[in-house]
1. Quick check on my filter: what residues within the range 124-143 are in contact (Cβ under 8 Å) with a residue 60 or more places away in the chain and under 15 Å from the mean Cα position of the chain (by Cα)?
2. Being among the β-branched types (Val, Ile, Thr) and at pLDDT below 95 is the filter; apply it to the range 113-138 and report the residue that is farthest from Thr259 (Cα to Cα).
3. Taking the range 150-169, which residues are surrounded by 18 or more Cβ atoms within 10 Å (Cβ to Cβ) and of a type in the set (Gly, Ala, Ser)?
4. For the condition farther than 30 Å from Leu111 by Cβ and not in a strand (DSSP E or B), what is the one hit in Ala282, Ala233, Ala288?
5. Does the range 293-325 hold any residues that are within 23 Å of Val248 (Cβ to Cβ), crowded, with 18+ Cβ neighbours inside 10 Å, among the hydrophobic types (A, V, I, L, M, F, W, C) and over 28 Å from the mean Cα position of the chain (by Cα), and which are they?
6. Using the structure shown, decide if Val225 is surrounded by 12 or more Cβ atoms within 10 Å (Cβ to Cβ) and under 30 Å from Arg60 (Cα atoms).
7. Do we have any residue at all in the range 249-261 that's in contact with a Lys or Arg (Cβ under 9 Å, 6 or more places away or on another chain), outside any loop (DSSP other than H, G, I, E, B) and on the phi > 0 side of the Ramachandran plot?
Amino acid sequence: MVRRTIAFVGGLIVLALLVFGFKGCLDARKERAMEDYVRDANELTQLSKAESKTLFGILRAPSGDDQSVDRQNQANTLKADSATLADRARGLDVPDELSEAQDHFLESLELRRDALSVVAEQLPGALATEERRSSTGRIWQMMQVFLGSDVLMNYRYSPILKDALEADGIAAAPAGTAARTFVEDPQWLDPDYVADQITGIRGSGGGATPGLHGDGLGTVSLAGVTLTPGGSATVPLSGDAAFDVQVVNQGESTETDVTVTVKVGSGGDALDLEETIPEIAAGELKTATIPLSGQPPTGQNVPIVVRVKPVPGESVTDNNEGEFTVIFTR
């Protein structure tokens, strides 16, 4: 009886050792799998960051001689590389505990891949003489997509991954915030900034061609009524009322994407209107027609500010803006 008891207890001890040993092996294997995933994901994150630096180098206005063809080739290379990066992310060996983090990681890289593809496709149009406005606008829209990828990286993937690693006592950690962030400079979220940079690429050796640059504000009329700076005019409201703003190129070079803005009213109820003149040759006068959208107040003085945004290389802007007063009637 005693021998049986000893044998039984011994068997239990051996079984317990086997169970604990097996569990230890499983825990070690899981830990290695999670650490391997973090290492591989961090490598892809760093490669994506390198793509970011290359992209914004391509889009930034040059300070020396520019080779537009080289920029387009670089953009096409980025398009292909980002697709490969997303494929590698999809092929990662993902432990079950990290599957939710992986979903956000992959979606972020796929957003970047898709946006880089659009930038590469639109860049030739943005640098051409035709359709550049719409192509430049599409490139700016992709900045919002890159920002969305940053939100996923920093506010979904990273915290979920950290929580999962901490729950299992894993010391590994995702790449730092700087590496996870694609849009490092918030200026790229401003459409005017993007347009200025691409305009600079189109120029010879920087944001502006050599020589004198500058546009001036000419005559401004609304619904056929000429407005006088500092004066007041009465304008009847109609469904097709529009501002006609004359812009004169007073410089020595052709200017492109000249933006004209009109602010009707003041404060939070003001109407902000805008139109772009694609191209104005040196000494040429062109008119921007800007429909009056919205309903300004009637029967009272309404301030109006018309402005021609400075072009690259423009240093004197005293004649770029005019202030008017209009009384709208029905």
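1. Thr136, Ile139
2. Our first condition is that a residue be among the β-branched types (Val, Ile, Thr); within the range 113-138, this holds for 118-119, 129, 136.
Now drop any that are not at pLDDT below 95, which leaves 129, 136.
Values: Thr129: 16, Thr136: 14 Å.
My answer is Thr129.
3. Ser158, Ala164
4. Working: Ala233 fails: not in a strand (DSSP E or B); Ala288 fails: not in a strand (DSSP E or B).
Result of the check over Ala282, Ala233, Ala288: Ala282.
5. Ile304, Phe324 - these are the residues of the range 293-325 that are within 23 Å of Val248 (Cβ to Cβ), crowded, with 18+ Cβ neighbours inside 10 Å, among the hydrophobic types (A, V, I, L, M, F, W, C) and over 28 Å from the mean Cα position of the chain (by Cα).
6. no
7. yes
Residue-wise test of (1) under 33 Å from the mean Cα position of the chain (by Cα); (2) of a type in the set (A, V, I, L, M); (3) at pLDDT below 90.
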residue	(1), (2), (3)
Phe20	no, no, yes
Cys25	no, no, yes
Ala33	no, yes, no
Leu44	yes, yes, no
Lys49	yes, no, no
Thr54	yes, no, no
Ser63	yes, no, yes
Asp66	yes, no, yes
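The values are calculated or read from the model by the stated rules, or taken from the named source; none is laboratory data. Here the structure is a predicted model, which is why all the values come from computation and not from measurement. Every residue, glycine as well, gets a Cβ built from its backbone with ideal geometry; the counts of neighbours run over all protein chains shown.
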